[in-house]
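Submitted below is the structure of interest, expressed as structure tokens.
Please treat every number below as a calculation from the coordinates, not as lab data. Bear in mind the structure is a predicted one, so any value in this text is a computation, not a measurement. Reconstructed Cβ throughout: ideal geometry from the backbone, glycine too, with neighbour counts over all protein chains shown.
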Amino acid sequence: MTKNSFGFEMTALVLLIIGGVNWGFVALFDWDLLAGFFGPEAAMTRVAYGAVGVAAVYRIILWIQQKTR
């Protein structure tokens, strides 16, 4: 793993943790953490959701690559 890919890995991990915690709050308390911080209709909320989605796809691709080695 190169130093550059380590940064991507850590960023993806942090985004996935944020996404997981957010869904936990939605399930347990019916409260959207990201919308609570940025506002329900804020562009930043959509950017954050998009970043979490991209991180998930990135991790899925890495997982598939590791399984096929």
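For the range 43-53, take each phi angle, set θ = phi - 60°, evaluate the Karplus expression 6.51 cos²θ - 1.76 cosθ + 1.60, and give the result in whole Hz per residue in order, putting x for glycine and proline.
In residue order, the calculated couplings are 4, 5, 5, 5, 5, 5, 4, x, 5, 5, x Hz.
Only one of the values (i) 85; (ii) 131; (iii) 49 was calculated from this structure for volume of the Cα convex hull per residue in Å³; name its label.
(i)
With +1 assigned to the C-beta of every Lys and Arg and -1 to the C-beta of every Asp and Glu, and no other charges, what is the dipole magnitude of the chain about the Cα centre in debye, to the nearest 20? Please report the intermediate quantities before stating the final value.
Numbers: 5 positive and 4 negative charges, 96 e Å.
It comes to approximately 460 debye.
Can you give the FRET efficiency for residue 18 and residue 69, using 1/(1 + (r/R0)^6), R0 = 25 Å, r = Cβ-Cβ distance, to the nearest 0.05?
Working: r = 29 Å, r/R0 = 1.15.
Efficiency at R0 = 25 Å is approximately 0.30.
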